[in-house]
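Structure, as structure tokens:
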Amino acid sequence: MPFLDRLLGRKAEDTAAAMDRAGALAAAGDYAGALAVWEPLARKGHARARNNIGACFAEGLGVERDPALAHRWIGLAAEARDPVAQRNLASLYFRGEGVEQDDAEAAWRYRLGAENGDAPSQDMLSYMMLEGVGLDQDLVGARQWAERAAAAGVASAMTRLGCIHNDATGTPRDPEKAVSWWRRAAARGDADAQSFLGAALLVGIGVPRDPVDALAWLLRAQNGGSLKAPAYLPTARGAVDADGMAEAERRAAAPLPGGRPGVAA
């Protein structure tokens, strides 16, 4: 191997090792330490390091929160076509932080991230297409992007697919497929999916009626922060006896099917 190729390869390995080290520091909550590693890489033009510095300024992690600096650093990374930076820049435009709020710009940035394989960008683009936020409503496109995000494991995209199939939004109504998607998202901890699954189990649409399991999922959803669960909980509680209530509370506190702990009711 020519000397220059060996040198470039070694530098690439050193950069990758530094990024791994910074990632481990960030995962442990040591954002100041991570920033100390990212900064020299960012100064040399490393796109993901620039994005990560911007994300820290956006969230106030290891530094004082500064939306303007977040926009500057993330924008530099986005110019290098980093898909995560495209998503983060889209989020700044969507929320109007460090930049004037602009749904159309956000949608365009999410599309750039989505087309480069970033699953959370695909999820947000699906949402914006479904609701017609920042671009014309596109029900078929919304379903297709949600499917891609769901295939990558994004729970909120699975929840949206359940709603799309349940509400016949741009596709034939299929309650069983809706429940299948909600169940997958619910097992990953998505509180709204847990609400929808609980409601389906409560009335027996797309799945056999099971009041105890319905109540268990609705209790999980409420404790997970879903604003949809309270609408169903009174009916769900009235559909079980004392033993059923106790069993539902036990299930709600147990680990989720995917291995995640439940939330005590």
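The values are calculated or read from the model by the stated rules, or taken from the named source; none is laboratory data. Here the structure is a predicted model, which means the values were calculated and not measured. Positions of Cβ are backbone-derived with ideal geometry, glycine not excepted, and every protein chain shown enters the neighbour counts.
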inquiry  = Going through R95, R87 one at a time, which residue ends up being touching a residue at least 12 places away in the same chain (Cβ under 8 Å) and basic (K, R)?
reply    = R87
task = Collect the residues in the range 222-238 that are surrounded by fewer than 17 Cβ atoms within 10 Å (Cβ to Cβ) and among the hydrophobic types (A, V, I, L, M, F, W, C), keeping them in residue-number order.
result = L227, A231
note = Taking the range 168-189 and the residues there that are under 21 Å from the mean Cα position of the chain (by Cα) and in a loop (DSSP other than H, G, I, E, B), the one that is farthest from Q222 (Cα to Cα) would be R188
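Determine which member of the set A168, A200, A214, A252 is surrounded by fewer than 17 Cβ atoms within 10 Å (Cβ to Cβ) and of a type in the set (A, V, I, L, M).
Step by step, each of A168, A200, A214, A252 is checked, and only A168 is surrounded by fewer than 17 Cβ atoms within 10 Å (Cβ to Cβ) and of a type in the set (A, V, I, L, M).
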query = Are any of the residues in the range 92-110 more than 16 Å from R50 (Cβ to Cβ), in contact with a helix residue (DSSP H, G or I) (Cβ under 7 Å, 6 or more places away or on another chain) and among the small types (G, A, S)?
reply = yes
note = So the helices (runs of 4 or more DSSP H) completely within the range 54-121 holding 1 or more residues that are of a type in the set (S, T, Y) and within 20 Å of the chain's Cα centre (by Cα) are 83-95, 103-115
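Could you identify the single residue in D118, D102, D123 that is within 24 Å of W73 (Cβ to Cβ), surrounded by fewer than 17 Cβ atoms within 10 Å (Cβ to Cβ) and at pLDDT 95 or above?
Numbers: D118 fails: surrounded by fewer than 17 Cβ atoms within 10 Å (Cβ to Cβ); D123 fails: surrounded by fewer than 17 Cβ atoms within 10 Å (Cβ to Cβ).
The unique qualifying residue is D102.
Could you tell me whether any residue of the range 176-186 is in contact with an Asp or Glu (Cβ under 7 Å, 6 or more places away or on another chain) and at pLDDT 95 or above? Spell out how you get there, then give the answer.
Step one: list which residues in the range 176-186 are in contact with an Asp or Glu (Cβ under 7 Å, 6 or more places away or on another chain), which gives none.
There is no residue in the range 176-186 that is in contact with an Asp or Glu (Cβ under 7 Å, 6 or more places away or on another chain) and at pLDDT 95 or above.
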ask   = How many of the residues making up the range 202-256 are over 24 Å from N166 (Cα atoms), under 29 Å from the mean Cα position of the chain (by Cα) and in a loop (DSSP other than H, G, I, E, B)?
value = 2
key: Given (1) surrounded by 16 or more Cβ atoms within 10 Å (Cβ to Cβ); (2) in contact (Cβ under 8 Å) with a residue 24 or more places away in the chain, number of the condition E176 does not satisfy   = (1)
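Against the definition (farther than 27 Å from A104 by Cα and out of contact with any helix residue (DSSP H, G or I) (no Cβ under 6 Å at 6 or more places or on another chain)), how does R173 come out, yes or no? Outline the logic, then answer.
On the way: farther than 27 Å from A104 by Cα: yes; out of contact with any helix residue (DSSP H, G or I) (no Cβ under 6 Å at 6 or more places or on another chain): yes.
Judged against the criteria, R173 is a match.
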query = Consider T159 against the criteria (1) assigned to a helix (DSSP H, G or I); (2) over 26 Å from A187 (Cα atoms): it satisfies all of them except one. Which criterion is unmet?
reply = (2)
